[in-house]
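One structure is given below, encoded as structure tokens.
All of the numbers you see were taken from the coordinates with simple rules; none came from a lab. No experiment lies behind these values; they were computed from the predicted model shown. With ideal geometry, Cβ positions are generated from the backbone for all residues, glycine too; neighbour counts draw on all protein chains shown.
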């Protein structure tokens, strides 16, 4: 089952983000310089409420598995871009730089920052 199919089947849950919003949040989490536990950001997918809007544990597990699959795919794509040597904007921490500057993603990671790919390269 795809995320689209899941969201159509569970359209009664207006709390869930739509597919584009979901993919945006998941991609942002996959691009983080350090892995952030899904337990910290998954509630954002249903408006930040502590109680997930699912009728059963199985329904929640199905949704969570779809989200993890998207995260894994996005993380892999981001890592492949980093390994390709493409230029990106490297958002350095204030200790390293006062403004973003374009450097290679590999150098960015060595500096402990997170590269952000922008546009076509």
Need one word for the range 28-75: rounded, prolate or oblate. Basis is the Cα gyration tensor (sqrt eigenvalues a ≥ b ≥ c); a/c below 1.5 gives rounded, then a/b vs b/c decides.
oblate
Residue separation times 0.36 nm, minus the C-alpha to C-alpha distance between residue 23 and residue 40: what's the value?
4.5 nm
Among 4, 13, 56, rank each residue by its count of other Cβ atoms within 10 Å, from fewest to most, as a rough exposure measure.
56, 4, 13
With a Förster radius of 22 Å, plug the Cβ-Cβ distance of residue 8 and residue 65 into 1/(1 + (r/R0)^6) and report the FRET value to the nearest 0.05.
0.80
Taking the Cβ of each residue in 67, 36 as the centre, tally the other Cβ atoms inside 10 Å and list the residues starting with the fewest.
36, 67
Say each of residue 15 and residue 77 gets a label point 7 Å from the Cα, pointing the same way as Cα to Cβ; how far apart are those two points in nm?
2.9
Extended-chain gain in nm, criterion 0.36 nm per residue less alpha-carbon gap, residue 50 and residue 31:
4.4 nm
Which of 26, 35, 68, 44 has the fewest Cβ neighbours within 10 Å, and the rest in rising order
35, 68, 44, 26
